[in-house]
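The next block holds one structure in the form of structure tokens; read it before the comments.
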Amino acid sequence: MLWYTGRRLLQLIPVFFGATFLIYFMVFALPGDPVAALFGDKTPSPAVIEAIRAEYNLDQPFIVQYLLYIGGLFTGDLGTTFSGRPVVDELIRAFPITFRLAMLALLFEAVAGIVVGLIAGLRKGKLFDTSALVVSLLLISVPTFVIGFLLQYVFGIQLGLFRTTVSSQAPWDELVLPAIVLASVSFAYIVRLTRASVSENSSADFVRTASAKGLTRGRVVTVHILRNSLVPVVTYLGVDIGSLMVGAIVTEGIFNIQGVGGTVYRAITLGEGPTVVSFVAVMVIIFMIANLLVDLLYALLDPRIRYAK
């Protein structure tokens, strides 16, 4: 297990450099001049343009820009935005907000999705099962922004249970409704995944053997059916952490959340390569660590899984 963990951690290195290189290249290849976008309709003098390009190394070839960024990365200097703020400050400001939003969404989709999927799987073919399948299909089919505006109108404007927009500090209670919106599609997939797995395992030989030994129904369901059914669900949740972080851009736009999504979008439109790459690099690291933890959880959920040398 220790050897496997060390090998997976070493895999972070090439993934990190590969992801940062590709993202930096994509930002570099965007059409238009980032300096011109910075001034908008105004036309700065050529001297001002050249000074700004030299300050942000925009007058250098792509590979030089990337190497300068990587060199600054190892010294703790992620560069500055065109507004003069250090990229590190932007990370410290935006990431905790999006992280809280993603964790709330993950908690909702995991708990609610597994519970609904478990009940549907145990009652296959009955009213609850049919209703769960229909609702999950609707959530998958309807775009997230439609669900967001609908829930915002019903629970925020009509019922007044939640704020329609999130304040700049983004406290936990204001992120509940955005988290439900963000998790809606993943919730539907988890319901279907859990239902299918529970339905399959319910008729397995080891479940019949456990019942024949006289174990209570509750123990058979929780220990034998649910535990074995969680392996594919945990896999999906591990992958979904990165998807929630990236997919938050739509939800953050609907509820005016000042998180990663809006910051990265503004950085892309302005051509701020260091800002985009720094945010993406952190998300890549989070994604890789989450997948590593999921792999390690396999051995706890299924004793047959072991990580040998």
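Taken together, the values in this text are just the output of simple stated rules run on the coordinates, not laboratory data. The model shown is predicted, which means the values in this text are computed figures rather than measured ones. Methodologically, a virtual Cβ is constructed for each residue, glycine included, from the backbone with ideal geometry; neighbour enumeration extends over all protein chains shown.
Things to note:
- Computed over the stretch 1-147: relative contact order in percent, which uses C-alpha pairs under 8 Å that are six or more apart: 9
- Under the span-like rule (Cα at least 30 Å along the axis, Kyte-Doolittle mean at least -0.5), DSSP H helices of the chain: 87-122, 176-202, 227-254, 273-301
- Label-point separation, T164 to S211 (7 Å along Cα→Cβ), nm: 5.3
- Put a dot 7 Å past the Cα of S45, heading toward its Cβ, do the same for L10, and the two dots end up 5.7 nm apart.
- Using the Cβ-Cβ distance between V64 and V239 with R0 set to 35 Å, the FRET efficiency from 1/(1 + (r/R0)^6) comes to roughly 0.50.
- Set the Cα radius of gyration of the chain against 2.2 N^0.38 Å, with N its number of residues, and you get 1.22.
- Long-range amide H partners of T80 with built H, under 5 Å: V87
- Added length on full extension, which subtracts the Cα-Cα distance from 0.36 nm per residue, V142 to R219: 24.0 nm
- Close amide H contacts of V142 (hydrogens built in the peptide plane, cut-off under 5 Å, sequence separation of 5 or more or a different chain): none are found.
- The residues packed around W172, meaning those with a beta-carbon under 14 Å from its beta-carbon, carry a net charge of 0 if Lys and Arg are +1 and Asp and Glu are -1.
- Mean projected area in nm² (Cα convex hull; one quarter of hull surface) for the stretch 213-256: 4.5
- Hull-based mean projected area of the stretch 206-290, where the convex hull spans the alpha carbons, in square nanometres: 7.9
- Bridging of K126 to aspartates and glutamates at a Cα separation below 19 Å is possible for E200, once same-chain residues fewer than 8 apart are set aside.
- Dipole orientation for the stretch 48-198: of the candidates S168, T75, V154, V154 has the Cα lying most toward the positive pole (charges on Cβ; Lys, Arg +1; Asp, Glu -1).
- Around the Cα centre of the chain, unit charges on the Cβ atoms of Lys, Arg, Asp and Glu (plus for the first two, minus for the last two) sum to a dipole of about 1720 debye.
- If the chain linking T130 and V111 were pulled fully straight, counting 0.36 nm for each residue of separation and taking away their Cα-Cα distance, it would gain 4.9 nm.
- Base-10 log of normalised Debye intensity for the stretch 70-110 (one unit scatterer per alpha-carbon) at q = 0.15, 0.23, 0.25 Å⁻¹: -0.51, -0.75, -0.80
- Summing charges over neighbours of A210, with a neighbour being any other residue whose Cβ is under 15 Å away from its Cβ, gives +4 when K and R count +1 and D and E count -1.
- For the stretch 1-151, the Cβ-based charge dipole about the Cα centre amounts to some 880 debye (Lys, Arg positive; Asp, Glu negative; other atoms uncharged).
- Each of M103, G18, V135 was placed along the dipole of the chain (beta-carbon charges, centred on the mean Cα), and the one lying farthest toward the positive end is V135.
- The stretch 150-239: relative contact order as a whole-number percent, Cα under 8 Å and 6+ apart: 22
- Considered as an equivalent ellipsoid built on the Cα gyration tensor, the stretch 18-133 has semi-axes of 48, 17, 15 Å, the largest given first.
- Alpha-carbon gyration tensor eigenvalues x 5, square-rooted, for the stretch 159-309, Å: 39, 21, 11
- Pairwise centroid distance, computed over Cα atoms, of the stretch 238-289 with the stretch 194-226, Å: 41
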